[in-house]
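The values are calculated or read from the model by the stated rules, or taken from the named source; none is laboratory data. Since the structure is predicted, the reported quantities are computational estimates derived from the model, not experimental observations. We place every Cβ from the backbone using ideal geometry, glycine too, and count neighbours over all the protein chains shown. Heads up: the accessible areas ignore ligands, DNA and RNA and are worked out on the full protein's heavy atoms, side chains in. Shrake-Rupley method; radii C 1.70, N 1.55, O 1.52, S 1.80 Å.
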Amino acid sequence: MLKFYSEIPTARLRELVADLSTWAWVAFWTVVGVRIYETISAFAEAGRILRGGGQNIESAGAELGDALSGLPLVGAGVDDVTTRTFATAGEPFIFVGSELEALLFLIARLLAILVVAVMVLPWLYRYVPWRAARLATVRAAHRAVRRADVSEPAMQRFLAQRALFRLPYDELLDHSSDPFGDFASGRYERLAKAELASVGLR
């Protein structure tokens, strides 16, 4: 069974709080990013209206040309000239409207991504390595200690030795008032407990 959290209540609580805080932080800024995108992209309606105006001008020219095509003698020529004139007048509106719409969508995307990245990445930069290292330590220690084929007294001695060689003095003193005396006298239990606590195991 895979372990995701330490067995020590205080360590487990710290990991849970870190996990929940990270999910909440990422979710919050993702929602903010989506709202920023929606707000700015709503202004793209101006580009759509401008483009639609140009298309309406072109349509009006085509309709007027069709209406004038029935005139005797000049109908065919007037039809072509009218259609092209209105199309030429509508092209700038269509071009500017399309470009404005695309630009606003691009700005909306970039700004939303930038805000989310600035607020989320520094958090994840600190959280992910710490959480990955903690998870790897707990799982490796669990496999090494819980599956070891040695007697309990021998395991306590190994853990006590590891604690003396690895843990800082203040951490040793949190578990034993005389860590070296305990080890020399064969009282391994408190030192073993200190070593297990340091890797999140009981």
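For the reader, a short list of remarks on this structure follows.
- Qualifying residue in region 53-75 (condition: among the hydroxyl-bearing types (Ser, Thr, Tyr), modelled with pLDDT of 80 or more and buried (at least 16 other Cβ atoms within 10 Å of the Cβ)): no
- The C-beta contact set for region 104-115 (first residue farther than 18 Å from Phe28 by Cα, second residue open to solvent by 80 Å² or more (accessible area, probe 1.4 Å), distance under 6 angstrom, 6+ apart or interchain) comprises Leu104/Phe43.
- Of all residues making up region 185-202, the number that are small (Gly, Ala, Ser) and either at positive phi or open to solvent by 90 Å² or more (accessible area, probe 1.4 Å) (or both): 2
- Of the residues in region 147-168, not one is under 39 Å from the mean Cα position of the chain (by Cα), surrounded by fewer than 11 Cβ atoms within 10 Å (Cβ to Cβ) and in a helix (DSSP H, G or I).
- Condition broken by Val116, with the remaining ones in (1) open to solvent by 50 Å² or more (accessible area, probe 1.4 Å); (2) at pLDDT 85 or above satisfied: (1)
- The residue pairs whose first member lies in region 24-47 and is within 19 Å of Leu100 (Cβ to Cβ), whose second member is open to solvent by 40 Å² or more (accessible area, probe 1.4 Å) and aromatic (Phe, Trp, Tyr), and whose beta carbons are closer than 7 Å, counting only pairs six or more residues apart or on different chains, are Ser41/Phe105; Ala44/Phe105.
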